[in-house]
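Here's the structure, in structure tokens; my notes come after.
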Amino acid sequence: MNELSHAGRLSRVRATAYAKLTLSLRVVGRRDDGYHDLEALVVSIEDPHDVVEVEAVPHPGGVSFLVAGELEGVPTGSTNLAMRAGEAAMRRAGRSGHGVRMTLRKKIPAGAGLGGGSADAAAAMHAVRRMLELELDDAAMLDVGVEIGSDVPFCLTGGAAWLRGRGERLEPLELPVGLPYLVAIPPFRLATPMVYAAWDDLGGPRATRSVPAFGPVAGLVSELVNDLEPAAEAIEPRLVEFREALERIVGAPALLAGSGSAYVVPVADDLVGRLDAVAKQVRRSLKVLVAPSQTVARGVRVSLG
Ligand code: C5P
């Protein structure tokens, strides 16, 4: 396939959008704008991931959009964050008139707390910037990104970071790649605004349940907590049942990932060798999506063609 148009520009670009895994999260306050100030330890993980493909087309101008794959709860039109982010990046660079055909291939489920929509938005921005050679530096990308969603700034960079404010203040962390985590996604999903609203209604609970951190992460925090877990488990009681069943099968504690509904099991050394077998067992017993995963260095990987 020809990647270069006659003008010497790229005619198609592919961007892998990695899921964002929240390992630990404290809600430190409620803001006047309705958002919550957070202090969260977040990492990019290899699986699940989505793919955003963009192709330059002579017409129509603007972004035409198609989505395929795991579609439940995913907007297929102009409210999709990938499409909005692509358009916003082009607009900021003064290139809205160019024609871009965007295809989003979904694997990260919506409503799982894995930042799928934000990862797609970040991937769309990187893909469009690369293909159209947009004059948009990284600071401008972050600026455009936070307007699309609180998690987009992290997803634009990815790797590992302390995330503060509503997500716009990032402190990058040096963590090795390849740290193993098991992610289990129940068949029921949660809407992020509802989980934050439940946290408010409950009077802002501070989580008391914690799970141990392993390896280099233990050098950053002694234990992993999630203040949104009591709120999510209050509005969706099936989560507790799911978590307990998961913990029984894996033989290790699980923590809600972000606003849920996915759970993460940090993988201790003695579980590493059995990880695939354990994942299979969880999949078979609970009939749910399970991803043995590992940390990666970036939020988005751009490749050509
Ligand atoms: O920024 P984003 O659109 O992804 O946020 C979705 C919703 O999640 C917000 O409307 C808000 O209800 C909630 N939220 C929050 N505090 C954050 C991030 C998200 O209250 N730091």
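Conditions (1) closer than 21 Å to ARG301 by Cβ; (2) buried (at least 24 other Cβ atoms within 10 Å of the Cβ); (3) more than 16 Å from the ligand (Cβ to nearest atom), marked per residue:
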{"residue": "GLY62", "(1), (2), (3)": "no, no, yes"}
{"residue": "PRO75", "(1), (2), (3)": "no, no, no"}
{"residue": "GLU135", "(1), (2), (3)": "no, no, yes"}
{"residue": "ASP138", "(1), (2), (3)": "yes, no, yes"}
{"residue": "LEU142", "(1), (2), (3)": "yes, no, no"}
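For segment 31-47, the criterion of being assigned to a strand (DSSP E or B), buried (at least 24 other Cβ atoms within 10 Å of the Cβ) and over 12 Å from the mean Cα position of the chain (by Cα) is met by none of the residues. Of all residues in segment 270-305, those satisfying the criterion of being charged (D, E, K, R), under 24 Å from the mean Cα position of the chain (by Cα) and farther than 30 Å from LEU156 by Cβ are ASP276, LYS280, ARG283, LYS287.
Of the residues making up segment 158-176, those that are within 16 Å of the ligand (Cβ to nearest atom) and either touching a residue at least 60 places away in the same chain (Cβ under 8 Å) or over 16 Å from GLY258 (Cβ atoms) (or both) are ALA161, TRP162, LEU163, ARG164, GLY165, ARG166, GLY167, GLU168, ARG169, GLU171. The set of residues from segment 50-105 being out of contact with any strand residue (DSSP E or B) (no Cβ under 6 Å at 6 or more places or on another chain), in contact (Cβ under 8 Å) with a residue 40 or more places away in the chain and part of a helix (DSSP H, G or I) comprises LEU81, ARG84, ALA85, ALA88, ALA89, MET90, ARG92.
Residues in segment 108-117: is at least one over 23 Å from ALA254 (Cα atoms) and of a type outside the set (Val, Ile, Thr)?
Quick first cut of segment 108-117, residues over 23 Å from ALA254 (Cα atoms) only: 117.
Filter once more, so that each one left must be of a type outside the set (Val, Ile, Thr): 117.
So far as segment 108-117 goes, yes, one or more of its residues are over 23 Å from ALA254 (Cα atoms) and of a type outside the set (Val, Ile, Thr).
Look at (1) more than 26 Å from PRO176 (Cβ to Cβ); (2) outside any helix (DSSP H, G or I); (3) of a type in the set (Lys, Arg); (4) in contact with a strand residue (DSSP E or B) (Cβ under 6 Å, 6 or more places away or on another chain) and you find that ARG206 fails only one, number (4). Return the residue satisfying two criteria in turn: it lies in segment 177-203 and is assigned to a helix (DSSP H, G or I) and not β-branched (Val, Ile, Thr), and of such residues it is farthest from the ligand (Cβ to nearest atom). Top of the filtered list is ASP201.
Where a number appears in this text, it was derived from the coordinates with a stated rule and is not lab data. The shown structure was predicted, so the numbers you read here are calculated from the model rather than taken from an experiment. All Cβ positions, glycine included, derive from the backbone under ideal geometry; neighbour counts span all protein chains shown.
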